[in-house]
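S.K.: Take this structure, written in structure tokens, and hold onto it; I'll ask about it next.
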Amino acid sequence: MHTMRYRSNSTAVRLLSAALAGAAFWSAVCVAGVLDVGGAWVDDNGKTVSLSRWQGRYTVLTMSTGACRKICTTTLRRMEELQAIADQRHLSLQFLVIGLDPKSDTPKAWREYRVEHKLGRENWDFVSGDDDRTRRMAAILGISYWFYDDHVLHDFKIVLVAPDGTIRSALAWSDDRPDILFSGLSNAQIH
Amino acid sequence: MRRSTEFARVAGALAGVLLGGAAWAATDAERIDTLEKQVAQMEATRPARGDEGLPLHGFLDVGGAYRSNGGPRGFGVGNLDFYLAPRIGDRIKGLVELTFEVDSATGELETDLERAQLGYVFGDFATAWAGRFHSPWGYWNTAYHHGAQIQTSITRPQFLEFEDHGGIIPAHTVGLWATGVVPLDAGKVSYDLFGGNSARIDLNPPTTPASGELNPNQATATNHHGSVGFNLGYVFPGVFEGLKAGLHGYTATIDDNAVAPNSTRVRFGGGYLVYLENDWEILGEYYEFSNLDLSGGTGTHRSRAAYLQAGWTFGRWTPYARGEKAALDQTDAYFAQQAQGGSYDRVVAGLRYDLDPRAALKLEANHTRFTDRIVSSFSEVQVQWAIRF
């Protein structure tokens, strides 16, 4: 009897410890929302910003690098298509591009990129963080990337972040119609 | 007895959970405090940046080819390329590219340590490498390595092929390499200075002229001579963003293993122009050789080689085309002794489809005309499925 009581109590303790450990783990690697990756990010004006600045609004978010010529070109083109769709539907959205390569995605590089690609709209922002923050953000978004000499090899993904910072929908490479990112989203929901 | 035992067990478990739950509710603040401490502990004990393990990445390609005039036909495995880039702290890094490829002539599996280099990063302006690396002349040889998925086309320009695929210039150097980028008020300057073992030409067998293949001499400089080269590039800013122009040069004393060995001071210089922007990929390189015969007394021999490739990406599709020309003096022992050292013209056209950011399908056709040695030509169609992982 003594042995059985010990076993059942230790089971409860193990369950509780596991729950606490799990909570600790998830609190370390998962944040309440995408925009909770804390610390200092730098925008293309060289200003330090917090990603919480984009909370409270629907944000189209992706990761890219100015030096990339293949996937990133497609990514930015898709972002522009999404902006056009948003304009047609009168959806007031923010667009945020996070740099994948902190070394080359400097504020100056992003500024030049914006001018070169005519991405000067005020609702568009380009930010970069340090290596750790970049890795964490990529892990949260599920974007795999690595460096092959001068090439930044990465996945394609664009997400729609809800005002509470959670990912509402995502666009993958195989999605031919970018408007599915806004599926079910109405003007009333945004304003 | 059994029922009471069972009841005791369930009651005990339930009591444990309830007691735990009650304890949970009663000490929420304590629990949160403990959690925060654990998270802080985990953050503090997270491995340092240099000790996060070593991700293994790489490339694989498979394909097929059909060549006219009785040439190779059929399916084949291309290259399995493992890429590792260990970092030791913020300044020291390594790069290893280990490939397994099937010899197109024999079907045998070959292993090549294509790149094995250790580097010290002084800053963006300078990184010093030692080991076996891709000779940084021109553009293609350091832009596209052994991963087929990275390269738009299936084939490299023939004269820029790797040594074991008939390339006529040492694509690999074993030695030292300094490289960096210096930003200017307008644009950026890139530079490469490198030196190492001179390559050699292995005739197989030594009694058969024109059977040679370049060997980068990765164990030692067998002829006790070295090679030296440079590459100076300029990356344009502003409206010309995406445009890079450069000059390159190389010299080495390269011997072959013929019964009466030939020794040549190989010297080439040239330039390149690259445009990568607005969905365009335009690459062009030029090489002018002025090789000095050191053993046969035949003086200096001039040769030249060049290519121009253009591709345009729309959606997942990239059609491309390339023209190549090599006019190689066959009285120059350096070219004459190499199996692929003959002059040729080639036109290439192809289509690449990106199935996924990590996977590409390619279809390519080429027509090649040999203009000396034996005047002949062939046509070839190739397909390739290339991935990265």
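The values are calculated or read from the model by the stated rules, or taken from the named source; none is laboratory data. Predicted model, so just to flag it, every value in this text is computed and none were measured. FYI the Cβ positions are ideal-geometry reconstructions off the backbone, even for glycines, and counts take in every protein chain you see. Each accessible area value is taken on the protein alone, full model and side chains, heavy atoms only, with ligands, DNA and RNA left out. Shrake-Rupley method; radii C 1.70, N 1.55, O 1.52, S 1.80 Å.
S.K.: For the protein assembly as shown, what does the alpha-carbon gyration tensor say about shape, rounded, prolate or oblate, given a ≥ b ≥ c as the root eigenvalues, a/c under 1.5 as rounded, and a/b over b/c as prolate? Present the calculation step by step, with values, prior to reporting the outcome.
M.R.: Details: a/c = 2.33, a/b = 1.84, b/c = 1.26.
Prolate shape, in that a/c is at least 1.5 and a/b is the bigger ratio.
S.K.: Oh, and also: What is the angle, in °, between the Cα long axis of helix B:28-45 and the longest principal axis of the Cα atoms in chain B? Nearest 10 is fine, range 0 to 90.
M.R.: The angle comes out near 20 degrees.
S.K.: What list of ³J(HN,Hα) couplings, whole Hz, do you get for the range B:69-83 from phi and the Karplus terms 6.51, -1.76, 1.60, once you set θ to phi - 60° and write x for glycine and proline?
M.R.: 6, x, x, x, 9, x, 8, x, 8, x, 9, 10, 10, 9, 10
S.K.: Further question: Over all residues in A:144-154, what is the mean tally of Cβ atoms on other chains that come within 10 Å of each residue's Cβ?
M.R.: Details: counts 5, 1, 7, 3, 12, 12, 4, 6, 0, 10, 2.
Taking all residues of A:144-154 together, the mean is 6.
S.K.: Can you pull the mean other chain C-beta count within 10 Å for peptide A:108-116? Each step should come with its number before you reach the end.
M.R.: On the way: counts 1, 0, 0, 0, 3, 1, 0, 3, 7.
Per residue, the number of nearby Cβ atoms from other chains is 2 on average.
S.K.: Mind checking the mean number of beta-carbon atoms from other chains within 10 Å of the Cβ atoms in B:348-359? Walk me through the intermediate numbers first.
M.R.: Values: counts 0, 0, 0, 0, 1, 0, 5, 2, 6, 15, 7, 1.
Across the residues of B:348-359, the mean count of other-chain Cβ atoms within 10 Å is 3.
S.K.: May I ask for the accessible area buried between chains B and A, both sides summed, probe 1.4 Å, to the nearest 100 Å²?
M.R.: Its buried surface, counting both partners, is about 3600 Å².
S.K.: Just to confirm a number: summing +1 for Lys and Arg and -1 for Asp and Glu over residues other than A:Gln55 whose beta-carbon lies under 11 angstrom from that of A:Gln55, what do you get?
M.R.: That sum, taken over residues with Cβ under 11 Å, equals 0.
S.K.: Right, another one. For every helix of n ≥ 4 consecutive DSSP H residues, a contribution of -39,500 (n - 2.57) applies; sum these over chain B, divide by its total residues, and give [θ] at 222 nm rounded to the nearest 500 deg cm²/dmol.
M.R.: Numbers: 4 runs with 51 residues, N = 389.
-4000 deg cm²/dmol, from helical runs alone.
S.K.: In degrees from 0 to 90, rounded to the nearest 10, what is the angle of the helix B:2-26 Cα long axis to the longest principal axis of chain B?
M.R.: Rounded to the nearest ten degrees, it is 80.
S.K.: Could I ask something else about it? List the pairs from A:Lys157/B:Lys188; A:Lys47/A:Lys118; B:Lys188/B:Lys362; A:Lys103/B:Lys362; A:Lys47/A:Lys157 whose alpha-carbon separation is above 23 Å, in the order I gave them. If you can, show how the numbers build up before the last one.
M.R.: On the way: A:Lys157/B:Lys188 31 Å; A:Lys47/A:Lys118 21 Å; B:Lys188/B:Lys362 33 Å; A:Lys103/B:Lys362 32 Å; A:Lys47/A:Lys157 26 Å.
From the list (A:Lys157/B:Lys188; A:Lys47/A:Lys118; B:Lys188/B:Lys362; A:Lys103/B:Lys362; A:Lys47/A:Lys157), the Cα-Cα distance tops 23 Å for A:Lys157/B:Lys188; B:Lys188/B:Lys362; A:Lys103/B:Lys362; A:Lys47/A:Lys157.
S.K.: How would you order B:77-90, B:250-263 from highest to lowest mean count of nearby Cβ atoms within 10 Å? Walk me through the intermediate numbers first.
M.R.: On the way: B:77-90: 16.8, B:250-263: 19.7.
The densest-packed peptide leads the list: B:250-263, B:77-90.
S.K.: In Å³ and rounded to a whole number, note down the convex hull volume per residue for the Cα atoms of chain B.
M.R.: Details: hull volume 93.5 nm³, N = 389.
Once divided by residue count, the hull of chain B is 240 Å³.
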